[in-house]
Amino acid sequence: MKVRVISGIAMLPLVALIIIGGYPLLAACFLIGLVGVKELFNGFKAMDINPNYGVAVASLIALYTLHILFPFREEYLLAWLVASVMASCISIFRIDKHKVEDALATILGIVYVEFFSFHVAMVDGIDHHRILIYLIFISAFGSDICAYFTGFAIGKHKLCPHLSPKKTIEGAVGGVVGAALLCLLFAGIFAPKYMLHSFIIGVIGAILSQCGDLTASAFKRKMGIKDYGNLIPGHGGIMDRFDSILFTAPVVYHYITLVLV
């Protein structure tokens, strides 16, 4: 517990980056994508699958370069996605050395880790609704914390024992309710006009943050690893700490673009 508390304190600079926004936050998102995809690929290697990290890095650099030069141009994002998939497929032309799974794992890393985490930077760039960027983290971390304490207090029925034996249905429900209320509280204090939207995002974000956590757990089970890395004491690697963020960031961005803009 002491190690986890210290690790939690070590995460405080993230709050500063969210407040500052702009290029510092963009750089942080880039690093999360860079390290996170490396951790995921290392896990695949434990399954004798060898994604192309070079293609993933080139794709990541291209994504952030396009965002800086041509912000919020969806046609460039689509072109980037097509080019990334093509490059991943081309990378296995040496069929004597590579398998189809290598290309598929490369594509997964680019989309799941790099593109999903990039949505944090995309929300940061929506000036009129930028305040909602905090909901990405409140819905994810709030759900995690509330689920933990609810499950510890009253949890009896296992949620997904084959993936995460300690998670319970009661904890999952408590996580959703707690995250929704935390998002509502945040809006009530800092963004009153978004109270209803914040509550909705809190509910959807909490559900999907738990799905993100279980998705990462499913990958680890198949890979035969306990943690993706050891970068953050008590939490494992970047993927272990930000797995739920990968699902909540797209939720907030697309909610804003589909409902509010």
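Annotation for region 171-261: chymotrypsin sites (Phe, Trp or Tyr not before Pro) lying in DSSP loop with at most 16 further Cβ atoms inside 10 Å of their Cβ do not exist.
One Cα centroid belongs to region 238-252, the other to region 42-72; the line between them spans 17 Å. Overall, the anisotropy analysis places region 178-261 in the prolate class: the square-rooted eigenvalues a ≥ b ≥ c of its C-alpha gyration tensor yield a/c not less than 1.5, with a/b exceeding b/c.
A run of the chain free of exposed loop cleavage sites, with trypsin sites (Lys or Arg not before Pro) counted only in DSSP states other than H, G, I, E and B and at most 14 other beta carbons within 10 Å, reaches its longest extent at 1-72. Over every Cα atom in region 17-105, the radius of gyration and the widest Cα-Cα span, Dmax, amount to 14.9, 50 Å.
Given a 1.4 Å probe and the protein chains as shown, E74 ends up with an accessible area of around 130 Å². Y228: net charge of surrounding residues, Cβ under 10 Å, Lys/Arg +1, Asp/Glu -1, itself excluded? Once positives and negatives cancel, what remains is 0. Which aspartates and glutamates, if any, have their Cα less than 20 Å from the Cα of K167, not counting same-chain residues under 8 positions apart? Cross-link targets: D144, D213, D227, D240, D243. For the chain, the membrane-span-like helices by this rule, meaning whole DSSP H stretches whose C-alpha atoms cover at least 30 Å of axis and whose Kyte-Doolittle mean is -1.0 or above, are 22-45, 133-154, 169-190, 195-223; this says nothing about an actual membrane. Diagonalising the gyration tensor over the Cα atoms of region 53-137 and scaling each eigenvalue by 5 before taking the square root yields semi-axes of 29, 13, 8 Å, largest first. For the chain, a Gaussian network of Cα nodes joined below 10 Å ranks L78, L63, L108 by mean-square fluctuation, and the top entry is L78.
Largest mean-square fluctuation among F115, F93, F137, in a Gaussian network model of the chain whose springs join Cα atoms under 10 Å apart, belongs to F93. How large is log10 I(q)/I(0) at q = 0.20, 0.21 Å⁻¹ when the Debye formula is applied to the Cα atoms of region 158-213, each weighted equally and without solvent? Reported log10 I(q)/I(0), two decimals: -0.68, -0.72.
The values are calculated or read from the model by the stated rules, or taken from the named source; none is laboratory data. Only a predicted model underlies this, so the values are computations on that prediction, with no experimental measurement involved. With ideal geometry, Cβ positions are generated from the backbone for all residues, glycine too; neighbour counts draw on all protein chains shown. The accessibility values were calculated without ligands, DNA or RNA, using every heavy atom of the protein model including side chains. Shrake-Rupley method; radii C 1.70, N 1.55, O 1.52, S 1.80 Å.
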